[in-house]
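The block underneath contains the structure these notes are about, expressed in structure tokens.
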Amino acid sequence: MAHNRAERKREIRRRRHRREKLRKLRARLAQAKSSEERARLIEKIRKISPRAPIEL
């Protein structure tokens with residue numbers, strides 16, 4: 001049982017970290033000026049979470 005609990009905690013931590021990282025990348029995307037920078041940030045967002053919506 002303890003193993004399952006530890007795995008669940010790791011899963012939750014990964015999910016929270018991913019959500020925070022996506023939030024920061026989206027903020028940087030909103031501030032991005034050049035199309036190259038926007039493309040690079042969109043690529044990073046897709047790499048972290050392929051189905052994450054991207055506001056353009």
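All of the numbers you see were taken from the coordinates with simple rules; none came from a lab. Since the model is a prediction, treat every value here as computed from it, not as a measurement. In this analysis, Cβ positions are derived from the backbone assuming ideal geometry, glycine residues included, and neighbour counts consider all displayed protein chains.
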In the set R26, R51, which member is basic (K, R) and not in a helix (DSSP H, G or I)? R51
Condition check for K44: surrounded by 11 or more Cβ atoms within 10 Å (Cβ to Cβ), part of a helix (DSSP H, G or I), touching a Leu at 6+ places or on another chain (Cβ under 8 Å) and not hydrophobic (A, V, I, L, M, F, W, C): yes
I need a count of the residues in region 1-26 that are aliphatic (A, V, I, L, M) and surrounded by 11 or more Cβ atoms within 10 Å (Cβ to Cβ). 2
Can you tell me how many residues in region 27-41 are exposed (fewer than 12 other Cβ atoms within 10 Å of the Cβ) and not hydrophobic (A, V, I, L, M, F, W, C)? 5
Scan of region 29-56 for residues that are hydroxyl-bearing (S, T, Y) and either over 15 Å from R19 (Cα atoms) or touching a strand residue (DSSP E or B) at 6+ places or on another chain (Cβ under 9 Å) (or both), ordered by number: S34, S35
Residues being under 11 Å from the mean Cα position of the chain (by Cα) and more than 21 Å from R15 (Cβ to Cβ) - total across region 44-56: 0
